[in-house]
Amino acid sequence: MKLEKAILFNPPVGLYQRGEDRCQAEVDGGSATSLRPPNDLGYIASMLRQIGVIPFIADYPAEKKLWSHFENDLKTIQPDFLVMSITTPTIKDDMKAFSIAKSINPNIFTIAKGAHFFTCNKEDMKETVYDVMDAAIVGEAETIINNLILAKRQESDLNKVKGILFKSHTGQVIQTAPEPFWTNLDKIPFPARDLMKNYLYTRPDTSEPQATIQTSRGCPSQCIFCLSPLISGMKLRERSVGNVVAELEECVNKYHIRNFFFRADTFTLNKKSVIELCKEIIDRKLDITWVANSRVNTIDEERLTWMKKAGCWLVAFGIESGNDEIQKQIKKGTTQIQAHEAVKLCKKLGIKTYGFYLIGFPWETREMIMDTLNLAKDLSCNFSEIHIAIPYEGTEFYEIAKDFGIMEESAVGHTYFSNPAIGTLHVTKEELIEMRKKALKSLYMNPCYITNTLIHIRSLEEVKNYTRYGVRLLKNLLKH
């Protein structure tokens, strides 16, 4: 039997957080965002190996490669399948990859994955730009991919494959029944890091390789703007502590990686699991450093103390708004007081903080947005990012924006930083961009912030990296 091959790739269409479906941020447009490894492709590669498909992973933007390199890989590897990770901002440009592939080999089977397919208007998929896409995955790709490949291999009816979207011969867009979320995440093999160029994905301050470890999936919160409940469910599904630590040990022993991002919709949600994981890391003497995300109301001193002992050096908080009325309207479920307490606690224990804020909700006036920007100043996190909210289809935010009559076009092609999809009832898109820029300038160009940052720098490498991110930020702030 002919050996089947698959190229799993991020197309050369700019640096975006492609692998983490709920966040599709443009990396270079952010204030302190670093590129993370394509774990989604790594998981798919490991699954494909189980059915005898030889996978190749290519992250063309991270490797600074061009369309010409993609064409050369197609001709050299001659894959039977292509699996591309897309984002809503780039999806139409991404389709160029499938177009090139079909021009070289019309029989190649093209598959796309990304959050967009969970919620998109199926009629939009009838656009000719998507004709080169044979199927899209609507669900957690690693739990669906093998069934799709096997169906294609056996030339069976795609209608029987759960969790996909495809266009029939008559041009009808068909979405099959959903694939239920796997509750036992330990069944999923570790990402195929042997196929990744791990040195490309680094800790932003020291440039050491940093791996992403998915610890759980699912979020019971009901934030109106977030895709998480749609793409990973509202029920928390956790990997066992033993399974997570086994992956950590593989990274340390096999790939010599000692820096990690513990990825979860909310890492600190289950206090018992957090402490158990921290204790196991300490007992195994792994000697690692890591960062994680949190809500300001799922943190306490006991949790943070264990996290610090186990190597946690930074916690990222989704703080969102500095106006409590907006917090209620977006169903965040947290307050300014809780934000102050959480950041204060981290500072007390010597853990750095990364504050994430959101502006641009329909009800917001300039004054309400200034509440958020003033909260960011007051909290004075070590790093801060301000996103302009995007109303993704399928979210409550999208329906509200439509009802208010401010949803003039879809989220396709729009970004969090320089090209928002909508303004508010009171503030234009252009004003939101300028308010974001002024806020970041006041946060990062503040003499006290600069002095405090310089005091805590410990190496020449850190000086270089802070300078590099500073130059990137400055360029973004000066853009018109």
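For this structure, a couple of remarks:
- Lys/Arg +1, Asp/Glu -1 at C-beta; the chain dipole; positive extreme among Y392, V274, V245: V245
- DSSP loop GluC sites (Glu not before Pro) with at most 13 other Cβ within 10 Å excluded, longest remaining stretch of the chain: 156-407
- Sparse packing (at most 16 other Cβ atoms within 10 Å of the Cβ) combined with a DSSP loop state is found for the following chymotrypsin sites (Phe, Trp or Tyr not before Pro) in the stretch 363-467: W363, F404.
- Long-range HN-HN contacts of I54 with modeled amide H, under 5 Å: E4, K5, A6
- Between the stretch 1-59 and the stretch 431-480, the C-alpha centres lie 29 angstrom from each other.
- Close amide-amide hydrogen proximity is noted between R203 and E208, Q210, each under 5 Å apart and 5 or more residues distant or on a separate chain (H modeled in the peptide plane; Pro and chain starts excluded).
- Dipole axis of the stretch 4-175 (+1 Lys, Arg; -1 Asp, Glu on Cβ), positive-most option in W67, S31, F109: F109
- Around S216: net Lys/Arg minus Asp/Glu count, Cβ-Cβ under 14 Å: +2
- Debye, to nearest 20: dipole size of the chain, +1 on Lys, Arg Cβ, -1 on Asp, Glu Cβ: 1080
- For the residue pairs K64/K96; K65/K152; K75/K197, the alpha carbons lie more than 19 Å apart in K65/K152; K75/K197.
- Förster radius 25 Å - calculated FRET efficiency between S99 and N147, Cβ distance, rounded to 0.05: 0.45
- Spin-label model, N446/K5: points 7 Å from Cα along the beta carbon direction are separated by 5.4 nm.
- Cα shape, the stretch 4-175, gyration tensor, a/c 1.5 rule: rounded
- Exposed-site-free run, longest, the chain (rule: trypsin sites (Lys or Arg not before Pro); DSSP loop; at most 11 other C-beta within 10 Å): 65-284
- Binned Cα-Cα distances of the stretch 202-478, short to long, each 5 Å bin given as a whole percent: 1, 5, 11, 15, 17, 17, 14, 11, 6, 2, 0, 0
- Förster-model FRET efficiency, 45 Å R0, D300 and D131, C-beta, rounded to 0.05: 0.25
- Modelled label positions at I77 and F181, each set 7 Å beyond Cα in the direction of Cβ, lie 3.1 nm from each other.
- Cα-based reach from K464 at 20 Å (exclusive), listing aspartates and glutamates while leaving out same-chain residues under 8 positions away: D28, D205, E208
- Set of aspartates and glutamates near K2 by C-alpha distance (under 17 Å), chain-local residues within fewer than 8 positions excluded: D80, E155
- Listed values for the stretch 284-290 are Karplus-derived 3J(HN,Hα) couplings in whole Hz (6.51 cos²θ - 1.76 cosθ + 1.60, θ = phi - 60°), namely 7, 6, 6, 6, 10, 10, 7, and x replaces Gly and Pro.
- Sorted by Cβ neighbour density within 10 Å, fewest at the top, the residues T372, T467, T334: T467, T334, T372
- Label-to-label distance, E325 versus T365, with points set 7 angstrom from Cα along the beta-carbon direction: 0.7 nm.
- The stretch 100-131 and the stretch 291-366: distance between their alpha carbon centers, rounded to Å: 38
Where a number appears in this text, it was derived from the coordinates with a stated rule and is not lab data. This structure is a prediction, so every number in the text was calculated from the model and none was measured. Here Cβ is always computed from backbone atoms with ideal geometry, including for glycine, and neighbour counts include all displayed protein chains.
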